[in-house]
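Here is the structure we will look at, set down as structure tokens.
The values are calculated or read from the model by the stated rules, or taken from the named source; none is laboratory data. Quick caveat, the model's predicted, so the values are computed rather than measured. Glycine also receives a Cβ, built like all others from the backbone with ideal geometry; neighbour counts cover every protein chain displayed. Quick note on the areas: whole protein, heavy atoms, side chains included, nothing else; ligands and nucleic acids left out. Shrake-Rupley method; radii C 1.70, N 1.55, O 1.52, S 1.80 Å.
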Amino acid sequence: MDGLMQPRPLTTAHILERAERLYAHKEVVTAGGERLTYAGVAANVRRLATALDTLEVPEGARVATFASNSRRHLELYLGVPATKRVLHSINIRLSAEHLEYIVGHAEDDVVFVDRGLLPRIWPSARRLPGVRYWVVLPDGTDTPLPDDARVLDYDSLVSGAEPFAGSFEEAFTLADENLASGLCYTSGTTGPPKGVLYSHRSTVLHCLGTLAAGLIGLCESDVVLPIVPMFHANAWGLPYGAMMAGASLVLPGASADPAHLLGLMAAERVTVAGAVPTVWTSLAPGLRDHDLSATRFLLGGGSAVPPALSETYRAAIGVPITHSWGMTEISPVGAIGGTRTQHRALAEDEQVSVRAAQGQPLPLVNVRIVDVETGRELPRDGEAVGELQVAGPWVAGGYFRVDAAASFTADGWLRTGDLATLGPDGYLRLVDRMKDLIKSGGEWISSVELEAAIASHPDVVEVAVIGRPDPRWMERPVAYVVQRPGGTATADELLAHITPMVAKWWLPDEFVFRTALPKTGTGKLAKSELREAQRIA
Ligand code: ADP
């Protein structure tokens, strides 16, 4: 027997219209001091909707953004899916080759681009004949505009359009909740980038997941700063989550300058912020120079947060960095770290260890670990290490226009490529990415654990451990280390520092000191580049 409840669709249009109705006075702040209320944002979205009609962008067409975190980008986050088009946010740090592949593969109809980013994308325009319009988002720069009829100005386009007066949400039927709302490509470190196609339903459910109390728990009193770019897996759901909750949003623009970000956190009394560990590392030296007393929750994800880094934050501002584990394929948040009531009585160092875990799956997300060889499920005993697999309503079930059956199990779970343990209480602890694990003499070494140990030395700012081919052992670990200014640690000192923390055969064969380490387009340590450099040398 079916229930008798209203079969109403889940749609991102609700996020927009809820913020418009309930939180009209709340503000979006963009770096540079521009402030606009949600009422103002919604008014622009209503004009953007008819502007997209005027440009004859069909329903279902991909509308791309090539933009930093800003109020105009937020309007596109809202207006494109609310009108049943698909928002394709493009990583602004892609090579021209990947960029052209992605825009071509997605068949983007229109691209919205920050004015200051034009020089990065315009040279590709002639190889992307499918793009009918290039709409320029003013960003305070005066980058010259190409003299081309396809180039339009966002503000003129929006201000010149009539506002759509109806309800976006009411235009959706139950069948529409599975329509695509967004598209993000994975980084493509193995093979060409693959598109993850989110639906309205998956996006709304993920958004509610970010509101779950005790995990991230976004709420009306929050002031949310997504430092994580809006092109990196939907800025981890923070923009939609903040608007659904009625929180204010602070969008930092293009600059990743630590003083700029810390200044915004202090001036706007930011309560929640999210960034990759390399960004948190860059902010750490300035923590005590700013009033960050409003901060209640800092999210770190994309790669493992070294416990020493999290503890630096806890010591300086009383708030650790909490793990957010996810993937582009998981919308992206799958699990959130932190402690539960059962941990409160634990000794301090044991709590540090709990906080170092990737944490508990969000509601509706299921995780399991399986033996890589046999595919058999492994026990949740905190000891067995296996490939992490995920299932849930905001987890990808396929990729856009490619057959990627190998990424899924026969029963439909996503293979993450991560190795992990699961505790009896459901805590997830990542051991390493399968491709980063170092195989030495038939055993494995976790690059993540070695990095955490080395990063606990006070002179170490950043560290990446990779395997070096070795005729006897197959691979041996090599550590690339960046020291703080004035740091004097030697290889012998670092060895002595980590010897009590790891097995003897885990000790790196070499420490290579560098002034900086290569990063990926999303700010993660680019171990593949280090491996490549090593191969050539
Ligand atoms: P890519 O890194 O391939 O560009 P994603 O941003 O989707 O794409 O990365 C997902 C991967 O990032 C995960 O499979 C995992 O290896 C890593 N990751 C994400 N969050 C965390 C975290 N909190 N701790 C450790 N690793 C993480």
request  = Find the residue count for segment 322-331, including only residues that are near the ligand (Cβ under 9 Å from one of its atoms) and outside any strand (DSSP E or B).
outcome  = 4
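Within segment 471-479, does at least one residue satisfy the condition of being away from the ligand (no atom under 16 Å from the Cβ), open to solvent by 20 Å² or more (accessible area, probe 1.4 Å) and within 30 Å of the chain's Cα centre (by Cα)? Even if it seems obvious, please write down each step before you answer.
Start the filter on segment 471-479 by keeping residues that are away from the ligand (no atom under 16 Å from the Cβ), which leaves 471-479.
From the residues that got through so far, the ones that are open to solvent by 20 Å² or more (accessible area, probe 1.4 Å) too are 471-476.
Those still in the list that are within 30 Å of the chain's Cα centre (by Cα) too: none.
Taking every residue of segment 471-479 in turn, none turns out to be away from the ligand (no atom under 16 Å from the Cβ), open to solvent by 20 Å² or more (accessible area, probe 1.4 Å) and within 30 Å of the chain's Cα centre (by Cα).
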Which listed residue is farther than 29 Å from Ala235 by Cβ and of a type in the set (Asp, Glu), from Glu462, Glu529, Glu493, Glu451 = Glu493
query = Hey, among the residues in segment 432-453 that are free of Cβ contacts under 8 Å to residues at least 60 places away in the same chain and more than 13 Å from the ligand (Cβ to nearest atom), which one's nearest to His497 (Cα to Cα)?
reply = Ala453
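Conditions (1) among the hydrophobic types (A, V, I, L, M, F, W, C); (2) more than 16 Å from the ligand (Cβ to nearest atom); (3) assigned by TED's automatic domain parsing to the domain that holds Ser187; (4) in contact with a Leu (Cβ under 9 Å, 6 or more places away or on another chain), marked per residue:
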position	(1), (2), (3), (4)
Thr295	no, yes, no, no
Leu299	yes, no, no, yes
Gly302	no, no, no, no
Leu309	yes, no, no, no
Val333	yes, no, no, yes
Arg340	no, yes, no, no
Asp349	no, yes, no, no
Ala356	yes, no, no, no
Gly359	no, no, no, yes
task = Please name all residue pairs, on different chains or six or more residues apart, with Cβ atoms under 6 Å, provided the first residue is in segment 495-514 and is modelled with pLDDT of 95 or more and the second residue is hydroxyl-bearing (Ser, Thr, Tyr).
result = Val512/Tyr480; Arg514/Tyr480
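Give, as residue ranges, the strands (runs of 3 or more DSSP E) completely inside segment 424-482 that count at least 1 residues that are over 19 Å from Glu383 (Cβ atoms) and in contact with a helix residue (DSSP H, G or I) (Cβ under 7 Å, 6 or more places away or on another chain). Outline the logic, then answer.
Values: elements: 428-433, 438-440, 443-445, 460-470.
Result: 438-440, 460-470.
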ask   = Which one of Arg415, Arg429, Arg376 is touching a strand residue (DSSP E or B) at 6+ places or on another chain (Cβ under 7 Å), modelled with pLDDT of 95 or more, within 16 Å of the ligand (Cβ to nearest atom) and over 30 Å from His105 (Cβ atoms)?
value = Arg429
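Suppose the filter is out of contact with any Gly (no Cβ under 9 Å at 6 or more places or on another chain), surrounded by 22 or more Cβ atoms within 10 Å (Cβ to Cβ) and not β-branched (Val, Ile, Thr); does Gly182 pass it?
Details: out of contact with any Gly (no Cβ under 9 Å at 6 or more places or on another chain): yes; surrounded by 22 or more Cβ atoms within 10 Å (Cβ to Cβ): yes; not β-branched (Val, Ile, Thr): yes.
Criteria met by Gly182.
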ask   = Which one of these is closer than 14 Å to Leu299 by Cβ, open to solvent by 10 Å² or more (accessible area, probe 1.4 Å) and small (Gly, Ala, Ser): Gly217, Gly241, Gly237?
value = Gly217
